[in-house]
Structures are given as C-alpha cells and as structure tokens.
1. Looking only at the range A:323-343, decide whether some residue is more than 18 Å from A:F486 (Cα to Cα), in contact (Cβ under 8 Å) with a residue 24 or more places away in the chain, within 16 Å of the chain's Cα centre (by Cα) and not in a helix (DSSP H, G or I).
2. With respect to A:G179, is the statement that it is out of contact with any strand residue (DSSP E or B) (no Cβ under 8 Å at 6 or more places or on another chain) and under 20 Å from A:K356 (Cα atoms) true?
3. Quick check: is even one residue across the range B:25-48 touching a Gly at 6+ places or on another chain (Cβ under 9 Å), under 26 Å from A:L192 (Cα atoms) and facing chain A (nearest Cβ under 7 Å)?
4. Mind checking which residues of the range A:286-313 are within 29 Å of A:F190 (Cα to Cα) and either within 14 Å of chain B (Cβ to nearest Cβ) or of a type in the set (G, A, S) (or both)?
5. Suppose we filter the range A:52-72 for residues that are touching an Asp or Glu at 6+ places or on another chain (Cβ under 8 Å) and buried (at least 19 other Cβ atoms within 10 Å of the Cβ); how many remain?
6. Find the residue count for the range A:248-272, including only residues that are under 15 Å from A:P57 (Cα atoms), in a strand (DSSP E or B) and among the aliphatic types (A, V, I, L, M).
7. Just the residues that are outside any strand (DSSP E or B), buried (at least 19 other Cβ atoms within 10 Å of the Cβ) and of a type in the set (G, A, S), please, taken from the range A:273-291.
Amino acid sequence: MKNSLLQSMAWLHTWAGLVAGWLLFAIFVGGTLACFDKELDDWMRPALHGTQPPETPRFDAAMAWARERMPDAHAWWAHAGTARDRAVTVHAAHDDGTVASAALDPNTGALVPDTAGGSFFFELHYNLHAGTPGMYVVGLAGMLMLVALVAGVLIHKRIFKDFFTFRPRAGGQRAWLDGHNFTAVLALPFHLMIAYSGVAIFVASYVFGGVQAGYGGDMAKFWEEAGGYYEREEVGRPLPRLHSLDALVADAQRRMGAPVDWASVHHPDDASAVIQFGTRHDRAVAWDMQQVTYDASDGRFLHQTPPPGPAFRTYAFLGGLHMVQFGGSALRWLYFLLGLCGCAMIASGMQVWVRKRAARVARAGALSGHGLVRALNVGVVGGMPLACVAMLWANRLLPPGLPARADAEVQAFCAAWILAALWGAWAERRGHGWRDLFATTAAALLLLPVLNLLTTAHSHLPATLARGEYALAAVDLTALALGLGFAALAWRLRGRRMPHAARAVEAGA
Amino acid sequence: MNLLAGFCLCALAWVLLSLGLPKHHQPLFGRPPAPRARRGLRAAGWAVLAASFAWFVAGRGWEYGPVFWLAALMLAAVAWVLALAAVAR
C-alpha cells in the first residue's frame, strides 16, 4: 500500500510539475522582479531622475488629462508620485474595457515618456497580460504548484538526511536533483506561502460558486460589501463641474490617519460622480483597504469605510503577505532572493525530468516528446531572462517621443523571447543552446550599466550614486551581479558540444 | 545591522546543526563528531535557532518579526548549503 501511494505521488509530482513548470517559471521570474516593480517603474523613467515628488500628492493635472482623453469614462484613477515611484500614473477606463494610461511629472503635471515599467512584470505574473482567462490559467498553475509541493515532500525519502546536501560536482541527474531538492526544501515555507496566498488573492473568482450563491454572480457587489466600500447609482444628469481633488487631499489624510496614495473619480460625466482616496499598504502586513469618499461636484464628505471585519482582515493579511508592501526594501530583498530560489527549484526540476529520460530516449532512438521538453526548457528557462534584459535595453534605446512607447517595449520583450527560444532550441541540437543563451544574457546584463551611461544624462551609476538615489543604482548593480551569475553558468557549460542524450549513451556504452 | 546580525544568528544555527551530522562533519574535520560533541552541537544549534527567533521578535515585534525571521532563516540555510558545497571541494 505504502509503495503504491509513493508511486502515485511520484507520478503526480512529475506530471503536475512538468505540465505547469514552464508557466510557473515565467510566473516566478515575473513575480520575483515584481518585488521591485515600483523601483523598476522609476528606473525606466529617466525624465524624473534627480527630482523630488511633492510632500502632498497632487491629482488635478492627472484628472485633467483623463477628462481630455476620455470624458465619458467609467472611472478615472490616478496613483500618486512617491519616493519609490515618482511618476503620477493615470488611467481612464471605459465600460467596454478600453483603458487609456499616461505618466506625469508629479510636480509640473507635464507628460513624461511612458514605459511598460516594472508593472509589466507584476501583471505578467498574475494574468500573463491575458485578462480574466490569464488569471484563471495562473490560478490553475498555482494550484498545480501546491499539488507538486505536497507530493514532492511525500516522495522525498531523504528529506532530513539530505537536508544540507548539494553535490554540484556529482554531475548529471544527481547534481540537478540535489539542486532541485535543496532549493525546494530549504525554502519550502516560502514556496507554500507564496503559492497558497497567490491563489487566495483571487479566491472569490476561482471558486465563484460562493459569489454565485450569495450575490447572483455580481462580483462588484460582493467586494463592495466585503470591503465596506461606497457606491452610488448614476442619475443621468451631467456633472456641473469637477471639484478640485488636490483641495481634498489634506482632509482625506486626516480622516484616514494615513498618507493618500491614490485617487479616483467614478462616472465623471454624471452628477452622481464621487471622488475617492485610498492609502498605501506599507504600515502592516495586511493591506490597508480603507477609502474616503467625497461628492465630486461640491467636495462634500460622504463616506469612510468602517474598519474591516475579521474575515476581510484575514483576506487582507494573506494578500499583504504575498505582495510584501510592508517591511521596507529589506524584506523585499529577502523575498527577491527567495523568489530566485523558486526559479532555481522549477528550472532544476525540469532538468531532472530531461536527464532522467535522456539515456532511455537515446537508446530507443524513437521520435518522442523528449526533444520538445528539452527545447521548451531552453526556450523558457534560457530565453525569458534574456527577454527581460532586452526590455530594459529597449527602454533606454527607444526614442522618448515614440508613440505607444510602452507597447514597443513589450514587443521588444516578446520578440527577444521568441528569437531566443528559437535560437536556443536550434543550438541545443548540437548541445550548446544553454551556453549560448546564458552567455548572451550575461553580456546584456553586464553591458546594461554601460548602455545607461551612454544613453542617459542623469540616470547612470556615477550620477545616481552621487545623488544618493540608491534604488536606481541598485538596478544597475543587480544587473551586474546577475550578469556575473549568468557568466559563471555559461563558463561552466563551455566546451559541451554534444547533446545530453548522445553523451548519456556513450557513458552507458 | 539588525537584519545582518539576525541573519548571522540563523546561519550559525544551521552551521551547528549540520556539523552535528557525521556526513557534514567528516569533510570539514576529517572525522565524524564524537558522541558528546554531536549532542553538544545539536543542542547548541537548536538553542541558537530559538535565539534567532527571539532576536527578530524583539527587534521587529510579533507582526513583522516572524516573517523576517523565517525569510532570513530560509536564506541562511541556502547560503550555508552553497558554502558547504564550495568547502567540500
């Protein structure tokens, strides 16, 4: 009985891991970079480097832009410029889902060149930029990760004996399995927490039966009641004039007892329009979801969300633990490094799958899915880091005045990934796909600070270090550190020209 | 500073606990630990582990302390395993 349970768990671990593996790797890389999404946003807007955002945030210029762009929007929404991310970002959304966005100088209100920014990686890691269907795909991958983690613990017979064991020089499958095991076991609490809380954030969408039963499927109404938010019906008369948001910020901060971080105007073309303010999530583990609401025509105070009940606080705690807006940059660094452990766990796990079957596949000599898995491993694990660096390069190389500049950065990311995957898969036929991609990634990372020096006046390392803008400098320095890491990987793979399978056969013969 | 000291405490706990195992004592000292040393190393390891928890909770309170502690503890273990692999050459 025990034997058959272990065997079925091993089967589950292998196939849940393989099916979700590439997706999970992309999600983990995106999520790891998203630890510093705001810092990356800021790095990618050189126009604002060396400036200070105002003490009290200003929103009127952003809302004026939104009115010009989309007067009949469902809502306008603006995020304050802060020390972590200086730009004021504004979005206007139609009922039909079309969104217009812009970034503004927090002091002057002038438009600054837009960028996909670190927010690109944040969104990638929870919905793959594919809206609601993408969110479901990511949720499924997250659940498969939980399955693989639990099954993995059950089948790891030497979990305590091999607790501290890593034998990189043992070579082949042994080294990959050790690497997979120690990055998984030693960071297991993190992996479990991040997969569980990640799925839990969208739990009302994933298990929609509850909202179906209680609210007839009206998700907006569910969140409104759960969070104690304010909403009022449209009346069909035009709004005479929009009250200044900036004039209300001080009052909103006083009522919330916390700094204002964002502002919104709901149905701004209707007399029922309301102005709302919310705050940041950096003062406790749980999100601080409180909002204050004002009448948009005369600025009259209308509503403040009551303190959350225990159930909503529980939800906000799980979400906050995942998104790590608390604890400052120190904790974000710890999460970043743990995220890298997760990437290594997933990548090495898939290498174990390949290595374990290499000899058997080569002996059989038959056409099989093995080559596909090998190609996908190179394409995803070797290709995605290169695509991420390519996006940073595009940010510095694209002309500032380019229309739809943020989209062009995303296209650079996608194009780089596709090309890298094809190149890697092709080169791996002769056994040096990994080496080629890692070496290119290393070069692109190591040259990033040089590119920064050549293309910007105030944003390169000497300038940012001199001004004490360490978050900006840290992006360049992290690129250097990661570049050295990739160079070391490429160096270890030098001189390997034969495909794994062929070598495995020779070794076995 | 606080974080670095806490991280070092976590790492020390893993060092002591791993050296209490013959497998990791052997490559570093050329012989397995004597039974008394083994018990001592393990007891000290667990004690330092508890102390590292107390350090983080004392420094950052009950809400942040355990989160920082667990994150530092996991990364200290990864760092020590990488160091062990490098030393074992």
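1. Checked against the condition, which is being more than 18 Å from A:F486 (Cα to Cα), in contact (Cβ under 8 Å) with a residue 24 or more places away in the chain, within 16 Å of the chain's Cα centre (by Cα) and not in a helix (DSSP H, G or I), the range A:323-343 yields at least one hit.
2. yes
3. For the range B:25-48, residues touching a Gly at 6+ places or on another chain (Cβ under 9 Å), under 26 Å from A:L192 (Cα atoms) and facing chain A (nearest Cβ under 7 Å): absent.
4. Taking the range A:286-313 as the starting set, the residues that turn out to be within 29 Å of A:F190 (Cα to Cα) are A:286-290, A:308-313.
Result: A:A286, A:W287, A:D288, A:G309, A:A311, A:R313.
5. Within the range A:52-72, residues that are touching an Asp or Glu at 6+ places or on another chain (Cβ under 8 Å) and buried (at least 19 other Cβ atoms within 10 Å of the Cβ) number 3.
6. 2
7. Residues satisfying the conditions are A:A273, A:A286.
Matching residues to (1) within 10 Å of chain B (Cβ to nearest Cβ); (2) in contact (Cβ under 8 Å) with a residue 12 or more places away in the chain; (3) closer than 30 Å to B:W14 by Cα:
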position: A:R158; (1), (2), (3): no, no, yes
position: A:R167; (1), (2), (3): yes, no, yes
position: A:R174; (1), (2), (3): no, no, yes
position: A:F182; (1), (2), (3): yes, yes, yes
position: A:G198; (1), (2), (3): no, yes, yes
position: A:S205; (1), (2), (3): no, yes, no
position: A:G210; (1), (2), (3): no, no, no
position: A:Y215; (1), (2), (3): no, no, no
position: A:K221; (1), (2), (3): no, no, no
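Every number here is computed from the coordinates shown, using simple stated rules; none is lab data. All values reported here derive from a predicted model rather than from experimental measurement. A quick note on method: Cβ atoms are made from the backbone with ideal geometry, for glycine too, and the neighbour counts reach across all protein chains shown.
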